[in-house]
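The values are calculated or read from the model by the stated rules, or taken from the named source; none is laboratory data. Quick caveat: nothing in here was measured; it's all calculated off a predicted structure. Glycine gets a Cβ as well: all are built from the backbone with ideal geometry, and neighbour counts include every protein chain shown. Keep in mind that these areas ignore ligands, DNA and RNA; they rest on the heavy atoms of the full protein, side chains included. Shrake-Rupley method; radii C 1.70, N 1.55, O 1.52, S 1.80 Å.
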Amino acid sequence: MGAGRGSMAEWLAERVAGGGAVLASDIDVSGLATLSHDNTIVTRHDLERDSLPTGGFDLIHARLVLEHLTEPAAAVSRLATALRRGGWLVLEDADGLLFDAEPAAPALSAIAGPWQRAALAAGWDPGYGRHLVADLQRAGLDRVAGRAHRSYEPGGTAWAVAQMGLDRMRDQIHRAGASQDDVDSALGALDDPERIIIGSPIVTAWGQRRG
């Protein structure tokens with residue numbers, strides 16, 4: 001089972017063995033429309049409201065999904081019950097909204113706190129990634145661990161999602177303490193191909209259901 005972006009579902013579909021299959025789900029499946037593998041099923045699913053089959057998945061992966069839920073820890077427990085014995089749950093979420101750049105872009109630091117406060121007020125916890133390991137343990141999984149990474153890429157299309165999110169929340173970020181000039185400067189830095197943008201940390205954490 002894969003929740004979130006279609007690229008992971010496609011990667012899994014190309015590697016699943018034998019008669020295995022990939023179930024790709026999202027609350028909005030428009031981003032999964034290009035999936036065309038015969039062993040892939042696309043379904044709309046609301047992780048907070050819809051039921052899950054229990055004990056059937058060898059692997060469940062969710063990327064940048066749980067941080068948007070009202071009760072992410074409860075969702076982790078529900079996902080854990082959907083694993084077969086010996087199956088793995090792999091989760092990825094952000095650990096904050098601090099972007100850096102080389103050459104430096106001070107506006108990215110200036111908006112980080114206000115952006116985080118605005119996100120929390122809107123019901124999104126962009127720092128939830130640091131709780132993944134603890135919540136996997138609480139869900140009763142074994143061999144729990146995790147690591148964080150940051151992407152380094154030139155400004156431009158690689159950061160289009162961050163730019164859209166920042167632009168969409170600019171008024172809330174301004175009310176949370178950032179100036180409009182800082183928001184504009186941060187957007188410009190993210191779009192500047194002469195800068196190397198260092199993304200906010202993404203935590204990948206995993207655990208295995210007891211055999």
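Things worth noting here:
- Take every pair of alpha-carbon atoms less than 8 Å apart whose residues are at least six positions apart; their mean separation over the length of the chain yields a relative contact order of 23 percent.
- In plain terms, the chain is cut at each of the trypsin sites (Lys or Arg not before Pro) found in a DSSP loop with at most 13 other Cβ atoms within 10 Å, and the longest leftover piece is 50-209.
- Ordered from longest to shortest, the equivalent ellipsoid semi-axes for the stretch 36-110 are 32, 16, 13 Å, each the square root of 5 times a Cα gyration tensor eigenvalue.
- Volume in Å³ per residue [convex hull over Cα atoms, computed for the chain]: 120
- Result for the chain in a Gaussian network model with C-alpha springs under 10 Å: among Pro201, Pro126, Pro103, the largest mean-square fluctuation is at Pro103.
- Springs join every pair of Cα atoms under 10 Å in this Gaussian network model of the chain, and among Gly20, Gly146, Gly155 the largest mean-square fluctuation is at Gly20.
- Summed over the residues of the chain and divided among them, the accessible surface reaches 52 Å² per residue at a probe radius of 1.4 Å.
- Value of [θ]222 nm, deg cm²/dmol, for the chain, DSSP H segments ≥ 4, -39500 (n - 2.57) each, nearest 500: -9000 deg cm²/dmol
- Nearest-10 value in Å² for the accessible area of Asp135, using the 1.4 Å probe: 10
- Carbon and sulfur %, accessible surface of the stretch 92-211 computed with the full protein complex present, 1.4 Å: 50
- With the alpha-carbon atoms of the stretch 125-211 aligned to their principal axes, the span from lowest to highest coordinate is 53, 30, 15 Å, starting with the largest.
- Max mean-square fluctuation residue, GNM over the chain, Cα-Cα springs under 10 Å, options Ala62, Ala82, Ala104: Ala104
- Couplings 3J(HN,Hα) for the stretch 64-81, derived from phi with the Karplus relation 6.51 cos²θ - 1.76 cosθ + 1.60 (θ = phi - 60°), are 6, 10, 5, 5, 9, 8, 5, 10, x, 4, 5, 5, 4, 4, 5, 5, 4, 6 Hz, where x marks Gly and Pro.
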